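Participant: A single structure is presented below for examination.
The values are calculated or read from the model by the stated rules, or taken from the named source; none is laboratory data. All figures in this text were calculated on a predicted structure; none of them were measured in a lab. Counting neighbours? That spans all protein chains shown, and the Cβs are built from the backbone with ideal geometry, glycine included. Heads up: the accessible areas ignore ligands, DNA and RNA and are worked out on the full protein's heavy atoms, side chains in. Shrake-Rupley method; radii C 1.70, N 1.55, O 1.52, S 1.80 Å.
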Amino acid sequence: MDKSNRPSPHNLQTGFRGWLNRRTGIDALLRTALDEPIPGGARLAYIFGSGLLFIFLSQIITGVFLALYYVPSADHAHTTVAYITKSVTAGSFLRSLHAYGASAMVIVLLLHLSQTYLFGAYKGRRELLWLSGCVLFGLVLAMAFTGYLLPWDQRAYFATAVGTNAVGEIPWIGESLTRLMRGGTQMGTLTISRFFVAHVFLIPACIFALIGSHVFLFRKAGAAGPVTENPYKPEQKSEPFYPRQILMDLSLTALLIVGLGILCFLVPMPLGPAANAADPQYIPRPEWYYLPIFQWLKYWHGAASVVGILIIPMVLALAVLAVPFLDRSIERRPWKRPVAMGAYAFVLFALVGLGLRSQYQDQHDPGVVQQLAKQKMEEEEYMRKPFEPELSSASLAAANVALADPEAAKGETIFKAQSCNACHGDGGVGTAAAPALVGISAKFSSDRIAMLLHHPTVKMTAGGMPAVNLPADDLKALIAYLESLK
Amino acid sequence: MEGKISTSGTAPEDRRSFLGVLLSLGSICMGALLSVPLLRFTLFPLLRRTTELKASSLGPLTDFSSLSEPVARTIQVEQVDGWRKMISEQTIYVTRNTRGELQALSSICPHLGCTVPWVSGKKEFICPCHGAIYSPEGSRISGPSLRGMDRLETSTQDGQLMVRFQYFRQLVADQEVMG
């Protein structure tokens, strides 16, 4: 018997809600989503996962809107970002939201990772959940790296040059990887194109897929609950996700909105002067979350570099991925997991220590202090200047003709005044209406051209070419222009 | 049991749905607030007023004191297109109107935009594209154009004849500024 037609509280729902539900089953869907059981009840500790979702959504929205004006090419990237920050209404605000949002994403990510690790929420058949989370972590860092280059100012350019160089230190495949990332041996417009495609299409596609599997695996295993809870079979009383956990999640969302909003309003993200590859003095520094790696790389050179750049990071990465396989015990309470806690503390202190050390070294090297201060000043100076539109290359062509040959320049003016360009195209490149005049000097002598202008052939007249009768000086100039078309 | 509508769950259901309505309203308000900058960001090119085009010099007034027929002068016009600017050259005709005053005419045919040359043999402006003919003062004589040649704003500055270049809509009977 068809159950959906039996009278039940759901089918007897009136109004639009009932109409929609009978066609989509939305009530059941919402109930599954919102009634997710949380053993041991809702807690503030669990808010970071959905916080990440919110920031990701914010990044997508601000990113799409930024793309209304941004052009990913070495010629125009910097100009378009300057246009956004200096001219477009709310441009500086939206761009700052996007840039600071990236840092917020990394912070909330570290909080989420720490919370799930400390609570042992990778136990109880949650290995794949942990793995998908680790991959998402890597993808988020990749988003931050690819996005950083896109403004193409000094900081973006040199930080990426160093970053792609660092990749080159990986044995055997390093150099090829660097060339693949850069689209060549050097940084250039192809680098921006690749980074843009990775940042907007490839990595987000992977992130979407992984978020889907991450949430699916999470719901399949069920929320792990507090550290006193059995990770395989929850025994504590469950509370539905809605409403209390949602409200706690929303409190983080509200905090992020207000916090980011105030930050972006008061301290907009600066844009420095355009990238100048020839500047030998520029000292690049990566974003704060890459400083530990930046500092770490300083200690490894020459033959030992394979250890520091490949072996140790790989071992660390594998250890992190293997956490749910290495720690099989059912125990989740942190005070009963000394090895796990010790490992966490060690990695945390190592990263923070490296980051602080790099700051300390920068602050105590007078040469570095001076150059960094100079760079900051140049950035501020650039931000104070009003937006300067970029001169289109087509205009320069016109200016070039004028400089080269004044007779040909005069001829060009006549060419346009007589509407020759209407059929023969600007610069004589030709249109559907009339053939190109480029290279005509190779086919006809000056006298022949003059003859053709005075007395067009039958074929020319049939195509609409009128006789051109000009004073002798003008004719000479026109022919000079036609002959300059190469 | 199947037909019985359970009543035991209505009280918490009511609280939850009230909270649901509250959350939905809150989200909508939040969304509306956040979308204001996004909307203004998107509509920026439509809402901003076009910048005043600077006047360009056509030459000293003395050049035109004994004007007998229209003369062509080239000016450089700076156009701003979003974040880039283009410097294009435009041909301007300096001529006398019916009252004998100096005026500046745009060489862009008001029919479909071709450059109209002055044919001194016929003492007329004749557009080569579709045969529109204009008098030496720029008024329409015959042809497919719906109006005469477009008059541009002139002024004098330090003894120079200045003209402010603008683009006008094609194919209409009235001279309307475009953009």
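Participant: Restricting attention to region A:346-390, which residues are within 14 Å of another protein chain (Cβ to nearest Cβ) and either in contact with a strand residue (DSSP E or B) (Cβ under 6 Å, 6 or more places away or on another chain) or open to solvent by 90 Å² or more (accessible area, probe 1.4 Å) (or both)?
Facilitator: A:386, A:388, A:389, A:390
Participant: Here is a follow-up. Any residue at all in region A:237-252 that's assigned to a helix (DSSP H, G or I) and polar (S, T, N, Q)?
Facilitator: Yes, region A:237-252 has at least one match.
Participant: Regarding region A:258-272, can at least one residue be identified that is in contact with a strand residue (DSSP E or B) (Cβ under 7 Å, 6 or more places away or on another chain) and more than 28 Å from residue A:324 (Cβ to Cβ)?
Facilitator: yes
Participant: Only one of A:382, A:344 is modelled with pLDDT of 95 or more and among the hydroxyl-bearing types (Ser, Thr, Tyr). Can you tell me which?
Facilitator: Exactly one of A:382, A:344 is modelled with pLDDT of 95 or more and among the hydroxyl-bearing types (Ser, Thr, Tyr), namely A:344.
Participant: Output the number of the condition that residue A:270 fails; it satisfies all remaining conditions of (1) under 21 Å from residue A:362 (Cβ atoms); (2) within 27 Å of the chain's Cα centre (by Cα); (3) in a helix (DSSP H, G or I).
Facilitator: Just one mismatch for residue A:270, condition (3).
Participant: When residues of region A:299-338 are filtered for being closer than 19 Å to residue A:224 by Cα and either open to solvent by 100 Å² or more (accessible area, probe 1.4 Å) or among the aromatic types (Phe, Trp, Tyr) (or both), how many remain?
Facilitator: Residues flagged as closer than 19 Å to residue A:224 by Cα and either open to solvent by 100 Å² or more (accessible area, probe 1.4 Å) or among the aromatic types (Phe, Trp, Tyr) (or both) within region A:299-338 amount to 5.
Participant: Which members of region A:273-321 meet the condition of being among the hydrophobic types (A, V, I, L, M, F, W, C), out of contact with any Asp or Glu (no Cβ under 9 Å at 6 or more places or on another chain) and assigned to a loop (DSSP other than H, G, I, E, B)?
Facilitator: A:277, A:278
Participant: Given A:108, A:81, A:64, which one is surrounded by fewer than 16 Cβ atoms within 10 Å (Cβ to Cβ), at pLDDT 95 or above and under 22 Å from residue A:264 (Cα atoms)?
Facilitator: After ruling out the rest, the residue left standing is A:64.
Participant: Looking at B:51, B:62 in this structure, which one is more than 9 Å from chain A (Cβ to nearest Cβ), open to solvent by 100 Å² or more (accessible area, probe 1.4 Å) and modelled with pLDDT of 80 or more?
Facilitator: The unique qualifying residue is B:62.
Participant: State all residues of region B:65-88 that are in a loop (DSSP other than H, G, I, E, B) and open to solvent by 70 Å² or more (accessible area, probe 1.4 Å); if no residue qualifies, say none.
Facilitator: B:65, B:66, B:68
Participant: To continue, here is another question. Check residue B:75 against each of (1) more than 14 Å from every other protein chain (Cβ to nearest Cβ); (2) touching a residue at least 60 places away in the same chain (Cβ under 8 Å) and name the one condition it does not meet.
Facilitator: So the condition that residue B:75 fails would be (1).
Participant: Would you pick out the residues in region B:92-136 that are open to solvent by 40 Å² or more (accessible area, probe 1.4 Å), within 10 Å of chain A (Cβ to nearest Cβ) and in a loop (DSSP other than H, G, I, E, B)?
Facilitator: Within region B:92-136, B:112, B:120, B:121, B:128, B:129 qualify.
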